[in-house]
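*Asks:* Below you'll find the structure I mean.
The values are calculated or read from the model by the stated rules, or taken from the named source; none is laboratory data. Bear in mind that the values here come from a model prediction, so they are computed numbers and not experimental data. In this analysis, Cβ positions are derived from the backbone assuming ideal geometry, glycine residues included, and neighbour counts consider all displayed protein chains. Heavy atoms of the whole protein, side chains included, go into the accessibility calculation; ligands, DNA and RNA do not. Shrake-Rupley method; radii C 1.70, N 1.55, O 1.52, S 1.80 Å.
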Amino acid sequence: MPRRALRRALTAAATAVSALALGLAAPGAHAATPLPYVALGDSYSAGSGVLPADLSAPLLCLRSTLNYPHVVAERTGAALTDVTCGAAETGDITEAQYPGVPAQLDAVKSDTRLVTLTIGGNDNNTFVGAMLACGTAGLATLGHGHPCETLYGSTFDDQIDDTTYPAVKAALRAIRDKAPNARVAVLGYPWIMPAAADGSCFVKMPIASGDVPYLRTLQAHLNTVIQRAARETGAGFVDFSKTSDGHDACASSGSRWIEPLLFGTNVVPVHPNARGERAMAEQTMTALGLG
């Protein structure tokens with residue numbers, strides 16, 4: 001090839017390579033800024049009991065690297081700030097939960113664009129208190145009757161209406177005030193107990209058969225007031241009433257999302273396992289229209 005033709009060919013090749021390099025670099029140069037995402041909430045958000053633990057979190061928070069906020073962030077590319085903490089009550093959104101564990105709301109900034117949380121289940125010790133009370137009552141009757149309902153009646157429901165509902169509503173308003181341009185999604189709690197008394201599992205969940213629907217109705221009530229608080233504050237609500245049906249603590253080990261009190265696999269019982277956290281993430285992304 002003549003020298004002049006060779007020079008032209010090399011110049012053309014160099015130009016093509018440069019153009020290709022610029023073309024490949026262009027998407028990175030104009031890539032969208034990752035969505036600023038803050039995860040708040042209690043042990044159902046923290047994934048307490050699911051290993052591996054998040055070693056960057058305060059020890060008492062029992063946070064997992066497989067909790068639903070991490071799954072959402074991984075799948076969407078969001079920039080996650082995770083301040084979820086096991087045992088958090090609604091008041092811990094705006095006040096320090098433990099020494100060295102600041103109010104969760106401190107992590108929310110004016111430029112935050114997504115906030116998710118589960119909250120309310122620990123207020124009035126609703127979940128733990130009801131489970132322990134009904135478990136103790138169930139053991140006393142060897143699983144027969146409805147001793148917990150007889151003993152406590154509307155006590156737990158009254159507490160949800162009187163204190164949990166206004167507390168959740170106030171917390172959601174505080175989040176909205178701190179990040180007015182953020183999408184806020186509060187998640188309901190997946191089912192812990194099955195739909196019918198004949199689906200009970202006394203060996204794993206020592207609840208009397210007649211108290212299974214009592215606890216199921218209590219959880220439905222809690223989710224309903226959380227949904228109401230979300231609607232009244234402009235937040236979204238992620239509903240698990242259908243998707244978690246059949247994945248309760250009495251389901252088989254291969255399909256349950258919630259581990260039972262006894263003979264489960266989680267370090268923390270009566271909490272979502274890794275499968276449950278993934279399912280919560282997927283339902284949340286669907287509800288928010290995230291990829």
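*Asks:* In the range 232-246, which residue that is under 14 Å from the mean Cα position of the chain (by Cα) and open to solvent by 40 Å² or more (accessible area, probe 1.4 Å) is nearest to Gly41 (Cα to Cα)? Let's see the steps before the verdict.
*Replies:* Restricting attention to the range 232-246, the residues satisfying the condition of being under 14 Å from the mean Cα position of the chain (by Cα) are 236-240, 244.
Keeping just the survivors that are open to solvent by 40 Å² or more (accessible area, probe 1.4 Å) gives 237, 239.
On the way: Phe237: 14, Asp239: 16 Å.
For the range 232-246, the residue satisfying everything is Phe237.
*Asks:* Does Pro36 fit the bill of being at pLDDT 95 or above, within 23 Å of Gly289 (Cβ to Cβ) and surrounded by 13 or more Cβ atoms within 10 Å (Cβ to Cβ)?
*Replies:* On the way: at pLDDT 95 or above: yes; within 23 Å of Gly289 (Cβ to Cβ): yes; surrounded by 13 or more Cβ atoms within 10 Å (Cβ to Cβ): yes.
Criteria met by Pro36.
*Asks:* Considering Thr217, Thr265, which residue is surrounded by fewer than 18 Cβ atoms within 10 Å (Cβ to Cβ), β-branched (Val, Ile, Thr) and modelled with pLDDT of 95 or more?
*Replies:* Numbers: Thr265 fails: modelled with pLDDT of 95 or more.
Being surrounded by fewer than 18 Cβ atoms within 10 Å (Cβ to Cβ), β-branched (Val, Ile, Thr) and modelled with pLDDT of 95 or more holds for just one of Thr217, Thr265, which is Thr217.
*Asks:* So if I check each of Pro69, Pro102, Pro58, which one is surrounded by fewer than 16 Cβ atoms within 10 Å (Cβ to Cβ) and at pLDDT 95 or above?
*Replies:* Working: Pro69 fails: surrounded by fewer than 16 Cβ atoms within 10 Å (Cβ to Cβ); Pro58 fails: surrounded by fewer than 16 Cβ atoms within 10 Å (Cβ to Cβ).
On inspection, the qualifying residue turns out to be Pro102.
*Asks:* Further, regarding this structure: Take the residues of the range 169-214 that are touching a Lys or Arg at 6+ places or on another chain (Cβ under 9 Å) and in a helix (DSSP H, G or I): which is most open to solvent (accessible area, probe 1.4 Å)?
*Replies:* Residue satisfying both the conditions and the ranking: Lys178.
*Asks:* Specify the residue that is nearest to Glu95 (Cα to Cα); the eligible residues are those in the range 46-79 that are out of contact with any Lys or Arg (no Cβ under 9 Å at 6 or more places or on another chain) and of a type in the set (Ser, Thr, Tyr).
*Replies:* Ser64
*Asks:* Among the numbered criteria (1) assigned to a loop (DSSP other than H, G, I, E, B); (2) open to solvent by less than 20 Å² (accessible area, probe 1.4 Å), which single criterion is violated by Lys109?
*Replies:* Among (1) assigned to a loop (DSSP other than H, G, I, E, B); (2) open to solvent by less than 20 Å² (accessible area, probe 1.4 Å), the lone unmet condition for Lys109 is (2).
*Asks:* Would you mention how many residues in the range 242-291 are out of contact with any strand residue (DSSP E or B) (no Cβ under 7 Å at 6 or more places or on another chain) and among the hydrophobic types (A, V, I, L, M, F, W, C)?
*Replies:* 12
*Asks:* For Ala251, all conditions in the list (1) surrounded by fewer than 18 Cβ atoms within 10 Å (Cβ to Cβ); (2) at pLDDT 95 or above hold save one; what is the number of the exception?
*Replies:* (1)
*Asks:* Right, here's the next one. In the range 135-165, which residue that is in a helix (DSSP H, G or I) and without any contact (Cβ under 8 Å) to a residue 24 or more places away in the chain is farthest from the chain's Cα centre (by Cα)? Spell out how you get there, then give the answer.
*Replies:* Within the range 135-165, the subset in a helix (DSSP H, G or I) is 135-140, 147-152, 155-165.
Retained after the next criterion (residues that are without any contact (Cβ under 8 Å) to a residue 24 or more places away in the chain): 136, 140, 150-152, 155, 158, 162.
Details: Thr136: 28, Ala140: 34, Thr150: 32, Leu151: 31, Tyr152: 29, Thr155: 26, Asp158: 25, Asp162: 24 Å.
If we take residues in the range 135-165 being in a helix (DSSP H, G or I) and without any contact (Cβ under 8 Å) to a residue 24 or more places away in the chain, then Ala140 is farthest from the chain's Cα centre (by Cα).
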